[in-house]
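Below is one structure, written out as structure tokens, with a few remarks after it.
The values are calculated or read from the model by the stated rules, or taken from the named source; none is laboratory data. This one's a predicted model, so the numbers in the text were calculated from it and none came from an experiment. Neighbour counts are summed over all protein chains in view; Cβ atoms, including those assigned to glycine, are modelled from backbone coordinates with ideal geometry. Areas reflect the complete protein model, heavy atoms only, side chains present, ligands, DNA and RNA absent. Shrake-Rupley method; radii C 1.70, N 1.55, O 1.52, S 1.80 Å.
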Amino acid sequence: MKNIIIFLSCLLFSFTSVAMNKEGRFVQKDNLFPRVKIATSLGDIVIELDRSRAPITVNNFLTYVINGDYKGSVFHRVERDEVNETDFVIQGGGYDKEYDGMFERAPIFNESGNGLKNDMYTVAMAYQDNKPHSGTRQFFFNMNDNDHLNPGRDWGFAVFGSVVEGYETLDKIMQVETGYNSKLGYTFIPKTPVIIFDVSVLEAQPL
């Protein structure tokens, strides 16, 4: 009897977990260009997503959004191209304010061949070095026209949206003081965490 109770409890927990894990593909499913607002400690950013070109990446991103997975994450990478004296990228969504890694779902297919370019103020999916299909929850803003991140003979980084409001917020983030972080092992880590308080889906725009 005890084993049956344990089994039923596990089964109930499994069903509950599935029910709570909402899927991004059902969010405004007839809207090819849903918008989300990222509320940060330095201001808000509004992104228009592009399901017509990057449906897998957009739906994956929305899955993290509607399950509240980005709450409390940070922008852990604020990097300039020092050689050319230009801004490069702002990356986040994968670590908490202690710079510990956060829960990840299964990696997705890389849609970098969708025709969208890594131009300034676009948003793209990050992935592990030399593993183009390893993207999960981390994303980055292009803070310059980063042509070298587009696909060529090799896979590039899949752009899945663009900024429509909050350029000044990104410019503020780009100005934060960065330094070496022993936990992550890089020098482009903000000394004061730039926190993502929430990411929310906005009402669909009228046609």
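Only one of the listed values, (i) 17.6, 56; (ii) 17.2, 63; (iii) 18.2, 70, was derived from the coordinates as Rg and Dmax of the Cα atoms in Å; which label is it? Evaluating Rg and Dmax of the Cα atoms in Å on these atoms matches (iii). Peptides 174-181, 44-51, 160-167 ordered by packing proxy, namely the average of other Cβ atoms within 10 Å per residue, highest first: 44-51, 160-167, 174-181. Largest first, the three principal axis extents of the alpha carbons in segment 23-87 are 43, 27, 17 Å in whole numbers.
Taken about its Cα centre, the chain carries a charge dipole of roughly 940 debye when the Cβ of each Lys and Arg holds +1 and the Cβ of each Asp and Glu holds -1. Solvent exposure of segment 24-201, expressed per residue, is 48 Å² of accessible area, with all protein chains present and a 1.4 angstrom probe. The relative contact order of the chain, computed from alpha carbon pairs under 8 Å that lie at least 6 residues apart in sequence, is 28 percent. Modelled this way, with points 7 Å down the Cα-to-C-beta line, the labels at Asp44 and Thr187 are 3.7 nm from one another. Close lysine pairs were tallied over the chain: pairs 8 or more places apart or on different chains with Cα atoms under 24 Å apart number 20. Expressed as an acute angle from 0 to 90° and rounded to the nearest 10, what is the orientation of the C-alpha long axis of helix 55-66 relative to the principal long axis of the chain? Its long axis makes an angle of about 70 degrees. Could you tell me which residue out of Asn110, Gly156, Met174 lies farthest along the dipole of the chain toward its positive end? Charges go on the beta carbon: Lys and Arg +1, Asp and Glu -1, centred on the Cα centre. Working it through, the farthest residue towards the positive pole turns out to be Asn110.
How far, in degrees from 0 to 90, does helix 2-20 lean away from the longest principal axis of the Cα atoms of the chain, to the nearest 10? The helix 2-20 is inclined about 40 degrees to the chain.
Across the accessible surface of the chain, with the other protein chains kept in place and a 1.4 Å probe, carbon and sulfur atoms take up 54 percent.
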